[in-house]
Amino acid sequence: MSIVFLNGSYMPMSEAKISPLDRGFLFGDGIYEVIPSYQGNLLGFGPHIDRMNDGFKGIGLNVDWSHQQWKILCEDLASKNGNSNLGIYLQVSRGADTKRYHAFPENVEPTVFGFTFKIPEPPIADKAIAKGYKVSTAEDLRWQRCHIKSTALLGNVLHFQQGYEQGHDETLLFNANNELTEASSCNAFIVKDGTLITPPLDNQLLPGITRYMLLDILRKDGTIPVEERAITKQEVLDADEVWISSSTKEVGAVIQVDGSPVGDGKVGNVWLAAQRLFSAHKFNY
Ligand code: PDD
């Protein structure tokens, strides 16, 4: 039975109860994070908490926990749940009011919830065993504040489902100008002539922590050039490699887009080189 944290206490998941008037439930009015933990070692902890604090600011939610408080919570959750390969899920909602009313309530304590779930072994730099992802494409029909890691994920869920129903692992999303934004639960990248290219950060995509670490590691190493710029759908279809990244997958190579092979349809050499570097440096954050 997994042990969860809810509003100051640890308890078995089956005992964790929140009010149906919680604004996380009624409005998706909250912020969340997913932090990977491998045998108790947190990946990208500081940047994850910084992004969560940006989210609180972005939606006007007053939460004053220090990094140290969040760290103790994450480490306790990991150890109480067996310290294997875990995603640590943190969610803070605007709390449970006594009525359903859109305006922010006054004097209502935020609901703080944390639990863990198993995540796969992180990929290792070996083309023979690396998973090759298959993805669909769709017009990005989510809201215009995708930089906020909001719990209101219905737009993302519907896009994920589009790919899932076609037997695919993800859905790549394109804005009204046919430019890549991200995927429904991952950031997205292409490789062309040896250069890694990814859309620049703005309101159309989440500032992924895996994306941040990957770009930082590659720039410090210098062997794989990195560009942040708009990418057209045609460029995705013509790319030598396509990648997706998230805290639960790390960096994954896409081998098919809408049923057509990416490059030669196999996990690529630039992915291999980048994965080697990512594995070597990922715990520096
Ligand atoms: N998803 N873009 C979206 C829309 C995401 O939901 C995620 C992460 C990412 C990648 O961000 P990061 O590298 O910080 O995990 C990009 C998480 C894992 C989820 O919702 O489960």
Subject >> Under 14 Å from Lys99, Cα to Cα: aspartates and glutamates that are on another chain or at least 8 residues apart >> reply: Asp22
Subject >> Average Cα contact separation per residue, the stretch 221-285, under 8 Å, 6 or more apart, as relative contact order % >> reply: 26
Original post:
Stokes-Einstein at 37 °C, 0.692 mPa s, Kirkwood radius from Cα pairs: D for the stretch 132-284 in µm² s⁻¹?
Top reply: 215
Original post:
Length gain on complete extension for the stretch Ala176 to Arg229, per 0.36 nm per residue less the alpha carbon to alpha carbon distance?
Top reply: 17.5 nm
**OP:** Please report the relative contact order for the stretch 132-232, taking Cα pairs under 8 Å with a sequence separation of at least 6, and give it as a percent rounded to a whole number.
**Re:** 27
Original post:
Tell me which aspartates and glutamates have Cα within less than 16 Å of Lys80's Cα, excluding those fewer than 8 residues away on the same chain?
Top reply: Glu15
**OP:** Grab the beta carbon distance between Leu272 and Leu141, set R0 = 30 Å, and tell me the FRET efficiency rounded to 0.05.
**Re:** 0.30
Original post:
Which trypsin sites (Lys or Arg not before Pro) does the stretch 89-174 hold that lie in a coil by DSSP with at most 16 other beta carbons within 10 Å?
Top reply: Lys99, Arg100, Lys127, Lys131, Arg145
Original post:
What distance in nm separates the simple spin-label points at Ser14 and Asp50, each placed 7 Å from Cα in the Cβ direction?
Top reply: 4.2
Original post:
Expressed as an acute angle from 0 to 90° and rounded to the nearest 10, what is the orientation of the C-alpha long axis of helix 45-58 relative to the principal long axis of the chain?
Top reply: 70
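Kindly identify the chain as rounded, prolate or oblate by the Cα gyration tensor criterion: order the square roots of the eigenvalues as a ≥ b ≥ c, call it rounded if a/c is under 1.5, otherwise compare a/b with b/c, prolate if a/b is larger, else oblate.
Taking the square roots of the gyration eigenvalues as a ≥ b ≥ c, the chain is prolate.
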Original post:
So which of Lys192/Lys220; Lys134/Lys220; Lys249/Lys282 end up more than 22 Å apart by C-alpha?
Top reply: Lys134/Lys220
Original post:
So between Leu237 and Ser66, what do we pick up on full extension, going 0.36 nm a residue minus the alpha carbon distance?
Top reply: 57.1 nm
Original post:
Taking Rh as the Kirkwood radius, which is the inverse of the mean 1/r over Cα pairs, what is the Rg/Rh value for the stretch 16-147?
Top reply: 1.03
**OP:** Would you calculate, for the chain, the mean residue ellipticity at 222 nm contributed by helices, counting each DSSP H stretch of 4 or more residues as -39,500 (n - 2.57) and dividing by all residues, to the nearest 500?
**Re:** -8000 deg cm²/dmol
**OP:** Name the residue farthest towards the positive end of the dipole of the chain from the options Tyr32, Val251, Ile18, assuming +1 on Cβ of Lys and Arg, -1 on Cβ of Asp and Glu, about the Cα centre.
**Re:** Ile18
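Throughout, read-outs are computed from the coordinates displayed, never taken from laboratory work. None of these values were measured; they are calculated from a predicted model. Backbone-built Cβ (ideal geometry, glycine too); neighbour counts: all protein chains shown.
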